[in-house]
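Before any comments, here is the structure.
Laboratory data are not the source of any read-out in this text; all were calculated from the coordinates shown. No experiment lies behind these values; they were computed from the predicted model shown. Cβ placement follows ideal geometry from the backbone for every residue including glycine, while neighbour counts extend to all protein chains displayed.
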Amino acid sequence: MKHSKRLIVTGAIAAVSALALAGCSSSGSDDSTDSASGELTPVTLQLQWFAQAQFAGYYAALDQGYYEDEGLDVTILEGGADIVPQDVLSGGDADYAISWVPKVLGSIEQGAEITDVAQIFERSATTQISMKDKNITTAADLAGKKVGSWGYGNEWELFAGMQKAGVATDDISLVQQAFDMNGFLAGDIDAAQAMTYNEYAQVLESVNPATGELFTPDDLNVIDWNDEGTAMLQDAIWADSAKLADDDAYADQTVKFIKASIKGWIYAKDNPEEAAGIVTAAGSTLGESHQLWMTNEVNKLIWPSTSGGIGMIDEAAWKQTVDIAMGTKNETGATVISEEPPATAYSNDYVTKALDELKDEGVDVEGADFTPIEVTLKAGGE
Amino acid sequence: MKQSASLPRTILAPVLLGVLAVALWQLAVVALEIKPFVLPSPVSIATEFSSSVSSVWTSSLVTGANALIGLLIGAIVGIIAAIIATVLPITDELSAPLVAAASVIPIVALAPVLYTMFGADKETARQLVAALAVFIPVYLNTLRGLRQARPVHRDLMRAYGASSWQATRAVTLPGAVPFLFIGLRIASSLAVISALIGEYFGGPIGGLGKSITSAAASSNYSLAYAYVLGAIILGLVFYVVTLGLEKLVSPHRAPSTGP
């Protein structure tokens, strides 16, 4: 009896140690940029949210083969509420990430070494919308109202606008807004946070109980943070700073990635319907007319480019974003960052190279003649 | 009766183990040069905690209040339901599948529905989510407690000629109290967790939940963990108060062993 018990225990310990040691072997991703003749380099892109036309350019570049033309085999990873794209990039699980500048500035201060290599969205799409009868047309009107915000780092433009207008967080009832407009439509939230390209359209796709028809823009008041002067830079392509400095292959790959992505965004500008279709086919749960609206609205944030070409990081806009990030307090009194970001936080070197190559090919990178299309929204966004 | 002769054992040993674990954690972060956005060090968490104590305190009050209301509602409904189920066994059979289903409803699915029903700007939905999480263990444990009166005690009551109410008062209810407290102890921490998770889906901002995610969104995990520490302390406070209540109600009995 005692012998077999000892044997079993020894065997069990051996088995467990073997398993533990096997699990400890590092499964480091072997991203050798071995560009043997004709072989594509695998590249991973981490998006900020689920697949939707907010990222139309990248999906279009993938679908139209622009990444392949540059020798890149790109895998697009969808984001979500709990995914912090800059952490995925810093952790080495993605080569590039799409994220908003204020969120990443916070991460950089926490030690993440990443660089903004292309500021795709030039203008902010965050708004605070309310029903016409509430008469909320500027930030100052928010005092005494129920104001919704998603949190998760999306709230800084709102707080900056309120701070600028002299409205303290105690003057409003701040409500946690879910990622749908049900609370707003039910009247529980007076002024709700809405992206021009998404939640605003969700309201316009809902039926107004008073009229029996869909809501129209005339039913809503919109506070645009661009007009209020507290807009912050949003979607940008982020890359690993250390690799950019040390790894020439990665630096070249970054220029290629930006160039192909920009071509994808130009495709989305010229072919919004096709781009919307590509994104819907990529697995978005939102309807087609909603995706078309989103593509169109996102195009308005990019074109016409006033910074010298799509992706160029404008110094003044960057400074405004940094100033707001340092000076705006949220409801707990915290700011995004407490000191200026390092010089490696952004770089125009890579996007300039990409734009120069595109301009040599005769591509219009400023889109001065861009005109948005008319999109008719249908109930539920179908 | 063995008094706190093993006081050093019961208090010192766990504290020592906790300190050792924290020290190892700090050592690991420093020695392996782990970046703060991967795993913050205990020292940085403590620093953030001490610099945001007032904010953690006010947030804990909000979450704690919701958890307390949920605990009270859930416990009262659970006890009443258990009593009804004992008195009318048929209700127990009818409700058993419902209770089983209710115990596995994910908060993620339930909270948005409750916010739409009761208002996305009210605390009600969070309190109901906590109440549901409390109801299940209290109901199940109280039911078990009410049923486990020993046959020999019941026979004794019959021999004394006690009325059913007297028998209940003398035997069934006191026998059920330890089980009730097992349920309450499980429920106390569940109430805090559920109230916190419920904060992600709506309601007024001010609780611990939003502070955690906002800090995490900027990769400020030291601050996020500081708020998590606040949530842990809140859960422990609830647990200890429930334990204290049990000692108060049945001082002559050792606290019932249970989770």
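Looking at B:Val56 and the list (1) of a type in the set (Val, Ile, Thr); (2) away from chain A (no Cβ under 14 Å); (3) in contact (Cβ under 8 Å) with a residue 40 or more places away in the chain, which single condition is not satisfied?
That leaves (2) as the condition not met.
Anything in the stretch A:255-278 that is more than 18 Å from the chain's Cα centre (by Cα) and hydroxyl-bearing (Ser, Thr, Tyr)? List them, or say none.
A:Tyr267
When only residues in the stretch A:328-346 that are without any contact (Cβ under 8 Å) to a residue 12 or more places away in the chain and either within 7 Å of chain B (Cβ to nearest Cβ) or of a type outside the set (Val, Ile, Thr) (or both) count, which is nearest to A:Ala245 (Cα to Cα)?
Applying the filter and picking the extreme gives A:Ala343.
Wholly within the stretch A:47-118, which strands (runs of 3 or more DSSP E) include no fewer than the required count, namely at least 2 residues that are among the basic types (Lys, Arg) and either out of contact with any helix residue (DSSP H, G or I) (no Cβ under 6 Å at 6 or more places or on another chain) or buried (at least 24 other Cβ atoms within 10 Å of the Cβ) (or both)?
none
Quickly run through the stretch B:159-176 and pick out the residues that are surrounded by fewer than 15 Cβ atoms within 10 Å (Cβ to Cβ), at negative phi and assigned to a loop (DSSP other than H, G, I, E, B).
Hit for the stretch B:159-176 is B:Ser163, nothing else.
Can you work out which of the residues in the stretch A:107-130 that are more than 20 Å from the chain's Cα centre (by Cα) and among the small types (Gly, Ala, Ser) is farthest from the other protein chains (Cβ to nearest Cβ)?
A:Ser130
Would you point out the residue of the stretch A:166-217, among those that are in a strand (DSSP E or B) and within 10 Å of chain B (Cβ to nearest Cβ), that is surrounded by the fewest Cβ atoms within 10 Å (Cβ to Cβ)?
A:Ser173
Given the conditions (1) in contact with an Asp or Glu (Cβ under 8 Å, 6 or more places away or on another chain); (2) of a type outside the set (Ser, Thr, Tyr); (3) under 28 Å from A:Glu113 (Cβ atoms), which single one is not true for A:Trp225?
Among (1) in contact with an Asp or Glu (Cβ under 8 Å, 6 or more places away or on another chain); (2) of a type outside the set (Ser, Thr, Tyr); (3) under 28 Å from A:Glu113 (Cβ atoms), the lone unmet condition for A:Trp225 is (3).
Out of the stretch A:93-106, which residues are more than 14 Å from every other protein chain (Cβ to nearest Cβ) and among the hydroxyl-bearing types (Ser, Thr, Tyr)?
A:Tyr96
Please determine whether any residue of the stretch B:28-50 is under 24 Å from the mean Cα position of the chain (by Cα), surrounded by 11 or more Cβ atoms within 10 Å (Cβ to Cβ), within 14 Å of chain A (Cβ to nearest Cβ) and not aromatic (Phe, Trp, Tyr). Steps first, answer last, please.
Residues of the stretch B:28-50 that are under 24 Å from the mean Cα position of the chain (by Cα), as a first pass: B:49.
Going one step further and asking which of them are surrounded by 11 or more Cβ atoms within 10 Å (Cβ to Cβ), we end up with B:49.
Checking which are within 14 Å of chain A (Cβ to nearest Cβ) leaves us with B:49.
The next check asks that each one be not aromatic (Phe, Trp, Tyr); those that pass are none.
No, there is no match, as no residue in the stretch B:28-50 is under 24 Å from the mean Cα position of the chain (by Cα), surrounded by 11 or more Cβ atoms within 10 Å (Cβ to Cβ), within 14 Å of chain A (Cβ to nearest Cβ) and not aromatic (Phe, Trp, Tyr).
Sort out which residues of the stretch A:153-165 are more than 13 Å from every other protein chain (Cβ to nearest Cβ) and surrounded by fewer than 23 Cβ atoms within 10 Å (Cβ to Cβ), and write them in order of number.
Those that are more than 13 Å from every other protein chain (Cβ to nearest Cβ) and surrounded by fewer than 23 Cβ atoms within 10 Å (Cβ to Cβ): A:Gln163, A:Lys164, A:Ala165.
So which residues in the stretch A:279-325 are buried (at least 24 other Cβ atoms within 10 Å of the Cβ) and among the aliphatic types (A, V, I, L, M), if there are any at all?
Matches in the stretch A:279-325: A:Val279, A:Leu292, A:Met294, A:Val298, A:Ile310, A:Ile324, A:Ala325.
So, in the stretch B:24-52, of the ones that are touching a residue at least 12 places away in the same chain (Cβ under 8 Å) and touching a Pro at 6+ places or on another chain (Cβ under 9 Å), which residue ends up nearest to A:Gly333 (Cα to Cα)?
The qualifying residue nearest to A:Gly333 (Cα to Cα) is B:Glu48.
For the stretch A:70-92, name all the residues that are under 18 Å from A:Gly151 (Cα atoms), at the interface with another protein chain (Cβ under 10 Å from one of its Cβ atoms) and in contact with a strand residue (DSSP E or B) (Cβ under 7 Å, 6 or more places away or on another chain).
The one that is under 18 Å from A:Gly151 (Cα atoms), at the interface with another protein chain (Cβ under 10 Å from one of its Cβ atoms) and in contact with a strand residue (DSSP E or B) (Cβ under 7 Å, 6 or more places away or on another chain): A:Gln86.
A quick yes/no check of all residues on (1) at the interface with chain A (Cβ under 7 Å from one of its Cβ atoms); (2) aromatic (Phe, Trp, Tyr); (3) at positive phi:
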{"position": "B:Val192", "(1), (2), (3)": "no, no, no"}
{"position": "B:Ile197", "(1), (2), (3)": "no, no, no"}
{"position": "B:Gly202", "(1), (2), (3)": "yes, no, yes"}
{"position": "B:Ile205", "(1), (2), (3)": "yes, no, no"}
{"position": "B:Ala226", "(1), (2), (3)": "no, no, no"}
{"position": "B:Ala231", "(1), (2), (3)": "no, no, no"}
{"position": "B:Leu236", "(1), (2), (3)": "no, no, no"}
{"position": "B:Leu243", "(1), (2), (3)": "no, no, no"}
{"position": "B:Lys247", "(1), (2), (3)": "no, no, no"}
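How many residues, within the stretch B:120-153, are more than 14 Å from chain A (Cβ to nearest Cβ) and part of a helix (DSSP H, G or I)? Steps first, please.
Of the residues in the stretch B:120-153, the ones more than 14 Å from chain A (Cβ to nearest Cβ) are B:127-128, B:130-153.
Restricting the remaining residues to those that are part of a helix (DSSP H, G or I) gives B:127-128, B:130-147, B:151-153.
Qualifying residue count for the region: 23.
Report the residue count in the stretch A:131-152 for those that are part of a strand (DSSP E or B), crowded, with 22+ Cβ neighbours inside 10 Å and away from every other protein chain (no Cβ under 14 Å).
Final tally of qualifying residues: 0.
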